[in-house]
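The structure appears below as structure tokens.
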Amino acid sequence: MADDWTEKYRPQSLNDIVGNPSAAATMRQWAEQWNRGAPPKRALVLMGTPGIGKTSSAEALARDMGWGIVEMNASDQRTGEAIRNVALRASYFNTFDDDGNFMSVKDGGMKLVVLDEADSLFGNADRGAMPVINELIKCARQPVILIVNDFYELSRKSSAVKTETVQISFRKPTASAVQNVLAKICRAEGVDIDPLAISKIAENANGDLRAAIRDLESLAYGYGSVTSEDASVLTGRVVRKDMYALMDAVFRKKDPQLAFHTYNEVDEDPGTVALWMEENIPYECHSTGDLVRCCERLSRADVYLGRIMKRQNYGFMSYARDMMTSGIPEALHSKKVTCDRFRFPQYLMKMSRSKSSRSLRRSLCQKLGYLTHNSGSRIQNDCYDFYRTMAMSDPEFRVMLVRDAGLEPEELGFLIDQKMDSKQVKQAFEEAFPKEEKEPKKTSPRKKASKKEQGLDFAVPEKKEEPAAKTQTSVGKTVPDPEVRGPSEKAVTDDKGSMKADDASAKTTPAPPKKTQKSLFDF
Ligand SMILES: Nc1ncnc2c1ncn2[C@@H]1O[C@H](COP(=O)(O)OP(=O)(O)OP(=O)(O)O)[C@@H](O)[C@H]1O
């Protein structure tokens, strides 16, 4: 199938990119630094709205420099592991040419690693991606380009993205630049087009060149000519705006109507918008009166949002929205404006930084709750400090937590404020699972030998492992049994005093060691 026109007319060199000459120049400079060795900032971030030539520029740069290209976009699987396997590896190692021959970086075997739509990379499906991206940014041995529509979305997840990359902002091409591209395509395709139609298509695209080319192709398809009436079927596109546009409308333009409309184009929940307002109000108000009025409007909005949550009455939403958007610029009487950048809400930053420790704490509390017949939140609110103090001061208690609650090394490390590979954590695991008990499979050859020794020359059916076998804990509760809980499994036979396995395997199982370790009741 023939390429659509956007692919057919994709720029082949940076010189063919319409608009953004300074962005192209910065890209070239950065690329030339790579030819002399790794520059201080190894990654480039290209940001801007869709369809204005970011991906095309990255590909054109690689072509201009004679580099290979490794691309990962949203349609690829982009978990941390996948990025490590593809992008990070490609950035670390020397490359292969198209025939599969090894090429060293010295021979010009440079490879550009491109992560497209990097701002939409960090959902559940892309788990673990962030640490790998950070590594890529800091340590890549090959040039890396991250492409984003929304830089703020990416930068809130990583400070390295903010400080250790070269950031290039792509602007939308002007309507006349879009018209020139469309006219050129029409000439090449032999399409007879009315100049008015060209300007209608360009205006409607609002700087999105890809959209403009697609609109032109669909109008010209099968006819070979486009009139201005044909172009009038195009309707306005909805363009999403970011929080900075809303902040600008509220605090810099101080225009209640513009603020109201911009809010509708921002894809954020009202709670987040309120946080942005709260963070920026103190810096944007230039008189006490302004500050008091703005805080008053914001607190009103907050009351309405609270009522929505409490009563699920979404009728209050319009009041909350009006107070936050039109209300605040209307409350700003001073004509002065601040020239600083808008501030990202501290609360969101802290929550995002503490995300992994909060989830670790939650899973830890759930395990402790399971062990002690409590809910995870009860442990978190009432007993967490008790467990923490006990675990910090008593090594035997740590062993019991590992053995009976099934804590993972990072959970135990978190509880006692140590790294997961610290001496205390290692020791607790070694004592909870002595070596021969930890790896039951390795003991099987010995088992067979002992059967022979006993003269059992018939086939003894192996005891099948239940996929979700349960282990009885020392407090009499059953917990799902991960493989690692070998010793606890033995406790089942101990406590109940009956052997479930058949006689033969019972004979070959070494007698359980005398129980010397403490259970929770002993503490
Ligand atoms: N500045 C430009 N100059 C020439 N052609 C362009 C330009 N911008 C976009 N195009 C055309 O639009 C198509 C899509 O552009 P590209 O994929 O580079 O956009 P993008 O900014 O990376 O968009 P997205 O963020 O959605 O990936 C290109 O194949 C090309 O035909």
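None of the figures in this text is laboratory data; all of them are computed from the coordinates on show. Source: prediction; values computed, not measured. Every residue, glycine as well, gets a Cβ built from its backbone with ideal geometry; the counts of neighbours run over all protein chains shown.
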For Asn20, the net charge from surrounding residues (Cβ-Cβ under 10 Å; K, R +1; D, E -1) works out to +3
Yeah, the stretch 168-272 with a ≥ b ≥ c from its alpha-carbon gyration tensor (a/c under 1.5 is rounded, else prolate when a/b outruns b/c, oblate otherwise) is prolate
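For a protection proxy built on the mean count of beta-carbon atoms within 10 angstrom, sort 164-171, 110-117 highest first, please.
Ranked from most to least packed, the peptides come out as 110-117, 164-171.
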Stretched fully, the stretch from Arg187 through Gln312 gains (0.36 nm per residue minus C-alpha distance, one decimal, in nm) 39.2 nm
So, with points 7 Å from each Cα along the Cβ direction, the Glu81-Asp267 label distance in nm works out to 2.9
Once Lys and Arg are counted +1 and Asp and Glu -1 for all other residues with Cβ under 15 Å from that of Met317, the total becomes +1
Set Lys172/Lys350; Lys253/Lys355; Lys8/Lys200; Lys138/Lys419; Lys138/Lys350, cut-off 29 Å on Cα-Cα distance; pairs above it are Lys172/Lys350; Lys253/Lys355
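Using a Förster radius of 45 Å, what is the FRET efficiency between Tyr283 and Ser228 based on their Cβ-Cβ separation? Nearest 0.05, please.
Using R0 = 45 Å, I get an efficiency of 0.40.
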Distance in nm between Lys426 and Asn35 label points, each 7 Å along Cα→Cβ, equals 4.9
Simple spin-label estimate for Asp4/Tyr384, 7 Å along Cα→Cβ, in nm, reads 4.9
Packing-ranked peptide list from 47-55, 249-257, highest mean Cβ count within 10 angstrom first, is 47-55, 249-257
Rounded to the nearest Å, the spacing of the alpha-carbon centers of the stretch 268-293 and the stretch 297-372 is 12
